[in-house]
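Structure first, commentary second.
The values are calculated or read from the model by the stated rules, or taken from the named source; none is laboratory data. All values derive from a computational prediction rather than experimental measurement. Quick reminder, even Gly has a Cβ in these numbers, built from the backbone with ideal geometry, and neighbours come from all protein chains shown.
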Amino acid sequence: MLLELKASLRSASAEEYLCRLFEKIEKSSLNAFTTLAREKAIEQARQFDKNPGQGLMAGVPIAIKACISTIGIETNCSSRILRGYVPPYDAHVVERLKAEGAIIMGKTNMDEFAMGSSTETSAFGPTKNPWDQTCVPGGSSGGSAACVAGGEAPCALGSDTGGSVRCPASFCGIVGLKPTYGLVSRFGLVAYANSLEQIGPLTHTVEDTALLMEIIAGHDWRDTTSAEKGSYLAGLKGDVRGLKIGIPKEYFGEGVNTEVEKAVWDAVSVLENLGAKWQEVSLPHTRYALAAYYVIAMSEASSNLARFDGLRYGLRQLGEDEDWHTTFSEIRAKGFGPEVKKRILLGTYALSAGYYGRYYLKALKVRTLIKEDFQRAFKDVDLLASPTMPIPAFKIGERINDPLSLYMADVFTVPINLAGVPAVSVPCGFAGRLPIGLQLMGPHFGEATVLRAAHAFEAATPFHERTPEVV
């Protein structure tokens, strides 16, 4: 779709197309955006109409998650404490997009500091699911997914720490990729949990995801974990004959909605009919993944978020300051939401003297065991397949006051981040009118194979062609 859009904008008007999108956003009830860069974006579109560029994304608008830095555009992480913060630099991925002619149209809503699975913890209020506005769009990149699914942007970037790209992709019926850790530079991504998070694309089709990966993947000297990229668009042309797909037995059964389970098994049958073979595999340490993930993520968050004091940028209380400790505490108490405070406190506790070895160090050891589970599995199979989420999208407000129930929704996504491997979510069915996602996982730097299988499945099924009727 993006390549076709790019071609059509050369004979039409990028400015008119962009203005139609902004008009739709302003009338929308989805609450997918926190900031619109209307004037800047329209000026870029005018320049494109006068002199079309040759970049891969020339003239094509894109929405950016509110935790990815954009020069001159507020980057608030959907938190009160960063209201008004405008970065003086672009994230690496934004630099790459601009170099290919993309137009940054605005910043999307998210769970505050990416801490959530429903986009309900945002200081800007919850984003709504385009398929059913009484339901959540998933999180934490809910705004990015909702604006793409709802036709308010042709594509978007999100970030994925424990499923934050794949969860909303599944709930909103679009494609979302969590790349191999290190494949996409994290420079300019406001850190939540450094060792887990990756920036990833949210699009209508697998081809669009591959196109964005051609742009944003690759080495960046400012991120010492970043690696060289592969080729993603070219590999989509292959088929899946002879591909071995593993079905992790721990990802099915108790806790999985029956309609979700059926849709995913039907998807496996489609791949089998296309020439792939499947076999059952085991990832035995999956049962410990959620506990290990939340200890590691909260511990890293408690360290990363210590920099946000509202004194140098963002929220600053009016009136006379008291001593530093009092002022620092008061600003953070008013600036952070309840979920962020909870995770900072729990992470600080896990890292404190006497508990570091009991919690954080033990979680790191479990992480190694989970990584080894995946490595063993990929000796026998090329890919793994599972539900992206165990349930379809739930109602807004249904789980927000039940953290255990909310955290359990991440049960099939967090192991991938702990292992650092790539995974994509593609639409594979519906439960009533709510989308269901198929998750395909690959070995480290196996994006080409993951996307090839996802593209083959997409071409053989009609699910990606359905769009919601947004009122």
- Query: Do you know which of the residues in region 241-251 that are assigned to a helix (DSSP H, G or I) and of a type outside the set (F, W, Y) is surrounded by the fewest Cβ atoms within 10 Å (Cβ to Cβ)?
  - Reply: K249
- Which of the following residues is surrounded by fewer than 20 Cβ atoms within 10 Å (Cβ to Cβ) and assigned to a helix (DSSP H, G or I): E300, E254, E259? E259
- Query: How many residues are more than 30 Å from A58 (Cβ to Cβ) and more than 18 Å from the chain's Cα centre (by Cα) when one looks only at region 86-134?
  - Reply: 7
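Could you please let me know if A333 is in a helix (DSSP H, G or I) and within 24 Å of the chain's Cα centre (by Cα)?
So A333 fails the test.
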- Can you name every residue in region 433-454 that is closer than 24 Å to K229 by Cα and either assigned to a strand (DSSP E or B) or of a type in the set (A, V, I, L, M, F, W, C) (or both)? Q439, L440, M441, F445, A448, V450, L451, A453, A454
- Task: Please indicate, with yes or no, whether at least one residue in region 96-107 is buried (at least 19 other Cβ atoms within 10 Å of the Cβ) and over 17 Å from A153 (Cβ atoms).
- Result: yes
- among the hydrophobic types (A, V, I, L, M, F, W, C), touching a residue at least 60 places away in the same chain (Cβ under 8 Å), out of contact with any Ser or Thr (no Cβ under 8 Å at 6 or more places or on another chain) and within 19 Å of N401 (Cα to Cα): does that describe C77? no
- Item | Enumeration of residues in region 415-454 that are more than 28 Å from L369 (Cα to Cα), charged (D, E, K, R) and either crowded, with 24+ Cβ neighbours inside 10 Å or in contact with a helix residue (DSSP H, G or I) (Cβ under 7 Å, 6 or more places away or on another chain) (or both) | R452
- Query: Which residue out of F457, F430 is closer than 17 Å to I247 by Cα, more than 20 Å from the chain's Cα centre (by Cα), at pLDDT 95 or above and outside any loop (DSSP other than H, G, I, E, B)?
  - Reply: F457
- Query: Which one of these does L305 not meet: (1) without any contact (Cβ under 8 Å) to a residue 60 or more places away in the chain; (2) outside any loop (DSSP other than H, G, I, E, B)?
  - Reply: (1)
- Of all residues in region 108-131 being surrounded by 24 or more Cβ atoms within 10 Å (Cβ to Cβ) and touching a Lys or Arg at 6+ places or on another chain (Cβ under 6 Å), which is farthest from K50 (Cα to Cα)? M115
- Query: Any idea how many residues of region 138-154 are surrounded by 24 or more Cβ atoms within 10 Å (Cβ to Cβ), more than 12 Å from the chain's Cα centre (by Cα) and part of a loop (DSSP other than H, G, I, E, B)?
  - Reply: 3
- Note on the structure: Here the residues within region 198-226 that are surrounded by fewer than 19 Cβ atoms within 10 Å (Cβ to Cβ) and within 21 Å of G163 (Cα to Cα) are T225
- Item | Flag for R222 being of a type outside the set (V, I, T), over 17 Å from the mean Cα position of the chain (by Cα), modelled with pLDDT of 95 or more and under 30 Å from T461 (Cα atoms) | no
- Task: Among the residues of region 40-77, count how many are within 27 Å of the chain's Cα centre (by Cα) and either assigned to a helix (DSSP H, G or I) or aromatic (F, W, Y) (or both).
- Result: 5
- Message: I need every pair where a residue in region 315-339 that is over 22 Å from M115 (Cα atoms) has its Cβ under 8 Å from the Cβ of a residue that is at pLDDT below 90 and buried (at least 17 other Cβ atoms within 10 Å of the Cβ), sequence separation at least 6 or different chains.
- Response: R316/G310; R316/I331; Q317/G310; Q317/T327; Q317/I331; D321/T327
